[in-house]
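Here's the structure we're looking at; comments come further down.
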Amino acid sequence: MQPNLQILCQQVCDLSKQTGDFIRNERLKFSATTIETKGKNDFVSYVDKTSEKLIIEGLEKLLPQSGFIAEEGTSTVKGEVYNWIIDPLDGTTNFIHGIPCFAISIALMRNNELVMGVIYEINFDECFYAWEGSKAYLNGTEINVSKANKLADSLIATGFPYYDYDRMKEYLDLFQYFMKHTHGLRRLGSAATDLAYVACGRFEGFYEYSLQPWDVAAGAFIVKQAGGKVSDFKGGENYIFGKEIVAGNNNCFPEFLNAVQLFFN
Ligand code: IPD
Ligand code: CA
Ligand code: CA
C-alpha cells in the first residue's frame, strides 16, 4: 500500500526534532576526545552514529520494508520501492567546534525519484520540509525561493573542497568571479542548511562539488518544491549521486549555471 506522504512527512519532522534534541543535549557535554577521523578532514563521533541509529529505528517503524542509504552505514538494507537517504548530522565540523549550524537531513526515494525531503536545523529549531506534490514549508509556513532576478543581487552559498583538491583552480576562479559579481559568498558548513536557505530565499544560489547523496537529496527536493531549480554542473539531472550540484532561485539560475560553466567545463 502507498503511504500517505503528507502524514509520513509530519512524522519524519517529529522524528528529526526528537533526534535533534538528543544532538543539542550532547553538544552541551561534548568532549573532543570522542572524535574519530574517517578520512582527511572527515570527522565523526558517537553523536553522528547514535543519531543515525535513532533515525533508522524510527523510520523502520514508520515505513516497514523501506531501505537506507545512510552516511554512517548503520543499515545498508535496500528497499524494493522506498529508500531513505540520511545524513544524521550534517555539519559535523561545526558541531565538534561548537559553531551553531548543523542539521539532520532525510530524503525519501520511491524507485529512483525523490518524493520527500526534511531538513531540521537544530540550533535555530527550523524544520524545512516538502513531499511529492506539496509546497515547501518551514515550521508550518510556506516558503519560496527568492525573487531576486540577477546575479548581481544574489548572495551565494558554497562549501570549500576539503579533501578533493583536483579542481581547486576552477573552484577558486569561480569563487573570485562570484566575489566580483554578487553580494558575496557564505560558507555555512552544512550543505543541507545551505540548500534549505536557498529554498526559503535567504540565499539565491548554492554550488559545491564532491558532495554525497545524503548531503543534497532532501535539500534539492525542497528547493524544487519551493520553486527553485537544481542541476549538476552540466545542467543535467545527475546531482544526487553525481557529486556536483548547483541550486538556485528560478530567476537567477541560468546566469548562475552559466557562471559555473565558465570555469567547470
Ligand atoms: C559536510 C557538510 C559541508 C560540506 C561537506 C560535507 P558532514 O557534511 O555538508 O557543508 O562542505 O562537503 O561533507 O560531513 O558534516 O555531514
Ligand atoms: Ca553531510
Ligand atoms: Ca554527516
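Taking the range 5-143, how much of its Cα-Cα pair set, in percent, is spaced more than 20 angstrom apart? For the range 5-143, the share of Cα pairs beyond 20 Å comes to 44 percent.
Summing charges over all other residues whose Cβ lies under 9 Å from the Cβ of ILE86, with Lys and Arg as +1 and Asp and Glu as -1, gives -4. Other residues lying with their Cβ under 14 Å from the Cβ of GLY219 contribute a combined charge of -4, Lys and Arg counting +1, Asp and Glu -1.
If R0 is taken as 30 Å, the Cβ-Cβ distance between LYS29 and LYS61 corresponds to a FRET efficiency of 0.60. For the chain, the longest principal axis of the Cα atoms and the long axis of helix 168-181 meet at an angle of about 70 degrees. Averaged over residues, the count of other Cβ atoms within 10 Å places the peptides 126-133, 176-183 in the sequence 126-133, 176-183, highest first. Over all projection directions, the Cα-based convex hull of the range 103-228 averages an area of 8.0 nm².
A simple rule links phi to the HN-Hα coupling: the Karplus curve 6.51 cos²θ - 1.76 cosθ + 1.60 with θ = phi - 60°, which for the range 192-204 gives 4, 5, 3, 5, 4, 6, 5, 4, 9, x, 6, 10, 8 Hz, with x for Gly and Pro.
Dipole magnitude for the chain: about 380 debye, using +1 per Lys or Arg Cβ and -1 per Asp or Glu Cβ, origin at the Cα centre. At a 1.4 Å probe, what is the % contribution of carbon and sulfur to the accessible area of the range 1-144? Of all accessible area on the range 1-144, carbon and sulfur atoms account for 50 percent.
So if each residue of separation counts as 0.36 nm, and I subtract the Cα-Cα distance between GLU126 and LEU262, what length gain in nm does that give?
Numbers: separation 136, 0.36 × 136 = 48.96 nm, distance 3.51 nm.
My answer for the length gained is 45.5 nm.
Along the range 74-79 the Karplus relation, 6.51 cos²θ - 1.76 cosθ + 1.60 evaluated at θ = phi - 60°, assigns HN-Hα couplings of 4, 9, 10, 4, 9, x Hz to successive residues, with x for each Gly and Pro. Cα axis of helix 213-225 to longest principal axis of the chain: angle in degrees, 0 to 90, nearest 10? In the chain, helix 213-225 runs at an angle near 70 degrees to the longest axis.
For the range 14-120, trypsin sites (Lys or Arg not before Pro) are listed when DSSP marks them as loop and at most 10 other Cβ atoms sit within 10 Å of their Cβ; the list is LYS29, LYS40, LYS78. Applying the Karplus relation 6.51 cos²θ - 1.76 cosθ + 1.60 with θ = phi - 60° to the range 50-62 yields 3J(HN,Hα) values of 5, 4, 4, 4, 4, 5, 5, 4, x, 5, 4, 6, 6 Hz, where x marks Gly and Pro.
Solvent-accessible area per residue for the range 8-99 at a 1.4 Å probe radius, Å²?
Numbers: 4460 Å² over 92 residues.
Value for the range 8-99: 48 Å² per residue.
Taking each residue as 0.36 nm, the span from ARG186 to SER134 lengthens on full extension beyond its C-alpha to C-alpha distance by 15.8 nm.
Residues whose amide H falls under 5 Å from that of ASP90, counting only those 5 or more places apart or on a different chain, are ALA103, ILE104, SER105, with hydrogens built in the peptide plane. Note that the range 101-146 carries a Kirkwood radius of 11.3 Å, evaluated over its alpha carbons pair by pair.
The P(r) of the chain has a tail past 35 Å containing 11 percent of all C-alpha pairs. Close amide H pairs (under 5 Å, H built 1.01 Å from N) link GLU208 with ILE245, residues at least 5 positions away or on another chain. The C-alpha atoms of the range 135-189 occupy a region whose extents along the principal axes are 41, 26, 15 Å, arranged from largest to smallest. Taking the Cα-to-Cβ direction at THR37 and at HIS97 and moving 7 Å from each Cα, how far apart do the two end points lie in nm? Placing both labels 7 Å along Cα→Cβ, they lie 1.6 nm apart. Using only DSSP helix segments of four residues or longer, with each worth -39500 (n - 2.57), what per-residue ellipticity at 222 nm results for the chain after dividing by its residue count and rounding to 500? Calculated mean residue ellipticity at 222 nm is -11500 deg cm²/dmol.
The values are calculated or read from the model by the stated rules, or taken from the named source; none is laboratory data. This structure is a prediction, so every number in the text was calculated from the model and none was measured. In this analysis, Cβ positions are derived from the backbone assuming ideal geometry, glycine residues included, and neighbour counts consider all displayed protein chains. For accessibility, only protein heavy atoms count, side chains too; no ligands or nucleic acids. Shrake-Rupley method; radii C 1.70, N 1.55, O 1.52, S 1.80 Å.
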